[in-house]
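Below is one structure; the comments refer to it alone.
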Amino acid sequence: MNYLPIDYIEPVFRPPSEARSLILQVSNGCSYNRCTFCDMYTSPQKKFKPKAIAEIEKDIKTVAEKMPGMTRFFLADGDAMTLSFRRLKEILECINQYFPSMERVTAYCLPRNIKKKTVEELAELKGLGLSMVYVGCESGDDKVLECVQKGETFETSKDALVKLKAAGIKSSVMILNGLGGRKFSEQHAINTARLMNETQPEFVSTLVVSFPMGEERFRAGFNGDYEPLQQSDLFTEIRTFIAHLELKNTVFRSDHASNYLVLKGDLGADKQAMLDKIDLALNKPGAIPLRQEWQRGL
Ligand SMILES: C[S@@+](CC[C@H](N)C(=O)[O-])C[C@H]1O[C@@H](n2cnc3c(N)ncnc32)[C@H](O)[C@@H]1O
Ligand code: SF4
């Protein structure tokens with residue numbers, strides 16, 4: 001049940017770490033919507049459309065009357081950062097006006113969403129409270145990115161992460177465990193680690209790719225070359241990924257509900273401890289508690 005005076009177009013998704021944030025639906029759906037693994041915005045009511053600024057202002061004002069002390073805000077839906085610099089600035093100014101104790105604003109962000117925004121513009125958005133974006137890199141391997149039609153490459157993802165850092169906006173990067181299947185597993189792990197090493201994001205999380213609505217569309221992109229990873233293969237892939245990471249100050253998490261094995265820590269400090277935990281899961285079944293199938297979800 002929706003207790004807020006906002007008319008959401010369902011379903012609405014948000015990162016787990018935004019559970020306490022006010023979700024402001026400043027756009028509906030995803031402007032790209034072509035990644036073959038993602039069914040989040042494929043239902044007819046989720047066709048991409050920016051919300052009119054007057055509607056957004058009305059939502060902000062009505063929530064502020066009921067809950068003026070809100071401090072965290074998440075701009076939905078799938079890639080709110082596709083909105084123009086001017087529109088994002090208007091939205092952030094409005095949040096600042098009605099919520100004087102605002103602490104942070106975050107949003108999902110595709111690398112291409114910031115291509116047309118300058119570092120100066122991004123820094124201005126940061127100054128208005130946009131402190132972090134969740135970037136769905138998914139992989140740093142160009143072959144895998146091509147097979148899943150992400151529409152991005154190692155270089156475009158790198159450009160975006162470097163630009164965000166230059167503007168002072170933190171990146172929380174999402175990586176998909178198992179995305180390349182068996183054939184591309186190793187290169188997916190190694191090239192994704194290389195992308196992280198060259199960009200040093202503040203947060204990295206991994207999710208296990210899952211297909212609650214079927215994997216037909218996803219398989220088609222691999223031309224018959226997709227063989228899903230078994231649980232131990234998923235662990236091996238994460239092990240390869242972490243072993244190749246050379247991060248100085250990044251919070252790493254694989255605690256999303258899609259993961260069998262929960263890993264959390266600071267990289268580099270906790271790298272060896274995480275590798276040891278994966279080795280235990282691989283070599284001594286039962287020694288580490290794993291999520292059961294019924295406990296997993298997207
Ligand atoms: C709601 S999407 C929005 C992210 C944003 N549009 C982007 O691509 O950068 C958030 C994340 O969910 C994850 N996701 C989407 N489909 C998934 C699937 N089938 N299995 C696991 N994770 C998935 C991807 O990591 C994706 O980046
Ligand atoms: S992963 Fe992101 S960009 Fe790709 S379809 Fe889903 S929401 Fe859109």
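The values are calculated or read from the model by the stated rules, or taken from the named source; none is laboratory data. As the structure is a computational prediction, the values presented were derived from the model and not from experiment. Here Cβ is always computed from backbone atoms with ideal geometry, including for glycine, and neighbour counts include all displayed protein chains.
Condition (residue is surrounded by 17 or more Cβ atoms within 10 Å (Cβ to Cβ) and basic (Lys, Arg)) applied to the stretch 45-62: is it met by at least one residue?
Looking through the stretch 45-62, at least one residue is surrounded by 17 or more Cβ atoms within 10 Å (Cβ to Cβ) and basic (Lys, Arg).
Of everything in the stretch 22-74, what is part of a strand (DSSP E or B), away from ligand 1 (no atom under 16 Å from the Cβ) and either touching a Cys at 6+ places or on another chain (Cβ under 7 Å) or not hydrophobic (A, V, I, L, M, F, W, C) (or both)? Give them in sequence order. Step through it out loud before you land on a result.
Step one: list which residues in the stretch 22-74 are part of a strand (DSSP E or B), which gives 22-25, 27-28, 49-50, 72-74.
Imposing the further condition that a residue be away from ligand 1 (no atom under 16 Å from the Cβ) reduces the set to 22, 72-73.
Of everything in the stretch 22-74, just one residue is part of a strand (DSSP E or B), away from ligand 1 (no atom under 16 Å from the Cβ) and either touching a Cys at 6+ places or on another chain (Cβ under 7 Å) or not hydrophobic (A, V, I, L, M, F, W, C) (or both), namely 72.
Given the criterion in contact with a Cys (Cβ under 6 Å, 6 or more places away or on another chain) and either crowded, with 22+ Cβ neighbours inside 10 Å or at pLDDT 95 or above (or both), identify the matching residue among 162, 204, 208, 173. Outline the logic, then answer.
On the way: 162 fails: in contact with a Cys (Cβ under 6 Å, 6 or more places away or on another chain); 204 fails: in contact with a Cys (Cβ under 6 Å, 6 or more places away or on another chain); 208 fails: in contact with a Cys (Cβ under 6 Å, 6 or more places away or on another chain).
On inspection, the qualifying residue turns out to be 173.
Got at least one residue in the stretch 120-130 being within 16 Å of ligand 2 (Cβ to nearest atom) and either touching a helix residue (DSSP H, G or I) at 6+ places or on another chain (Cβ under 9 Å) or among the aromatic types (Phe, Trp, Tyr) (or both)?
No, that holds for no residue.
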